[in-house]
1. Can you tell me which residue within segment A:51-64, out of those that are assigned to a loop (DSSP other than H, G, I, E, B) and touching a residue at least 24 places away in the same chain (Cβ under 8 Å), is surrounded by the fewest Cβ atoms within 10 Å (Cβ to Cβ)?
2. For residues that are open to solvent by less than 40 Å² (accessible area, probe 1.4 Å) and not in a loop (DSSP other than H, G, I, E, B), tally how many sit in segment B:47-63.
3. For segment A:75-108, give me each residue that is over 14 Å from A:PHE59 (Cα atoms), open to solvent by less than 30 Å² (accessible area, probe 1.4 Å) and either facing another protein chain (nearest Cβ under 7 Å) or in a loop (DSSP other than H, G, I, E, B) (or both).
4. Of the residues in segment B:64-111, how many are surrounded by 14 or more Cβ atoms within 10 Å (Cβ to Cβ), more than 14 Å from chain A (Cβ to nearest Cβ), at pLDDT 95 or above and assigned to a loop (DSSP other than H, G, I, E, B)?
5. Residues of segment A:48-69 being farther than 27 Å from B:SER5 by Cβ, within 14 Å of chain B (Cβ to nearest Cβ) and hydrophobic (A, V, I, L, M, F, W, C), which ones?
6. Restricting the search to segment A:27-47, which residues are among the hydrophobic types (A, V, I, L, M, F, W, C) and either at the interface with chain B (Cβ under 8 Å from one of its Cβ atoms) or in contact (Cβ under 8 Å) with a residue 40 or more places away in the chain (or both)?
7. Collect the residues in segment B:20-46 that are open to solvent by less than 20 Å² (accessible area, probe 1.4 Å) and touching a residue at least 24 places away in the same chain (Cβ under 8 Å), keeping them in residue-number order.
8. Exactly one of (1) farther than 26 Å from B:ALA47 by Cα; (2) modelled with pLDDT under 95 is unmet by A:LYS22. Its number?
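The values are calculated or read from the model by the stated rules, or taken from the named source; none is laboratory data. Keep in mind the model is a prediction, meaning the values are calculated, not measured. As a convention, Cβ positions derive from the backbone with ideal geometry for all residues, glycine included, and neighbour counts pool all protein chains shown. Just the protein is used for accessible areas: all its heavy atoms, side chains included, with ligands, DNA and RNA removed. Shrake-Rupley method; radii C 1.70, N 1.55, O 1.52, S 1.80 Å.
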Amino acid sequence: AQRVTQPEKLLSVFKGAPVELKCNYSYSGSPELFWYVQYSRQRLQLLLRHISRESIKGFTADLNKGETSFHLKKPFAQEEDSAMYYCALKRNTDKLIFGTGTRLQVFP
Amino acid sequence: SAVISQKPSRDICQRGTSLTIQCQVDSQVTMMFWYRQQPGQSLTLIATANQGSEATYESGFVIDKFPISRPNLTFSTLTVSNMSPEDSSIYLCSVNPTSGRPDTQYFGPGTRLTVL
């Protein structure tokens, strides 16, 4: 079955602390994975894609096929990183399967 | 990127009635999708809106309950029919642009529906 699991509903850290938001997936094919973010009162938007191997706003995510994981990391969290983060897996014909999301709270 | 608007932004409806949600994109797009996000849950794909043909529904969703129109490449509607309180959700439209980053989905602001 195709599935995306985000085990943490809430992750709270202090400003400057490292952050890791966990994402595990189940997919029989070659996965394409994404992280989407929703800031307060804003629409859902793409943060990064694994195929781009990019760093956006200091966040990175590496696809680990052995562990079927795509964890999102940032070495030093900022208050403006507080948001809801969704991991997503792209199925055929561009359909996305979303995880349940992790709310990141960064305290000053 | 693609700029997406949805109408209405929110509504409160009575049980048994229907509501049609509109999704407008500022450019022509091939793929348009409708998602539902129930309270405290993740986004679930309802259907893919196909231009010129019937929508393709995901398991658990049927055309009689969620009829969809896609008259052209910039517009789609989703109707939530014969509503019950369980239909209270945020409904989101998303698109894949035909240029730029076609593997990226862009989302509308959502329609927050409350059914009494």
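1. A:LYS57
2. 3
3. Once the filter is applied, which keeps residues that are over 14 Å from A:PHE59 (Cα atoms), open to solvent by less than 30 Å² (accessible area, probe 1.4 Å) and either facing another protein chain (nearest Cβ under 7 Å) or in a loop (DSSP other than H, G, I, E, B) (or both), segment A:75-108 yields A:LYS95, A:LEU96, A:PHE98, A:GLY99, A:GLY101.
4. 6
5. Result: A:ILE51, single match.
6. A:LEU33, A:PHE34, A:TRP35, A:VAL37, A:LEU44, A:LEU46
7. Taking segment B:20-46 first, the residues open to solvent by less than 20 Å² (accessible area, probe 1.4 Å) are B:21, B:23, B:25, B:29, B:32-35, B:42-43, B:45-46.
The answer is B:ILE21, B:CYS23, B:VAL25, B:VAL29, B:MET32, B:PHE33, B:TRP34, B:TYR35, B:LEU43, B:ILE46.
8. A:LYS22 satisfies all of (1) farther than 26 Å from B:ALA47 by Cα; (2) modelled with pLDDT under 95 except (2).
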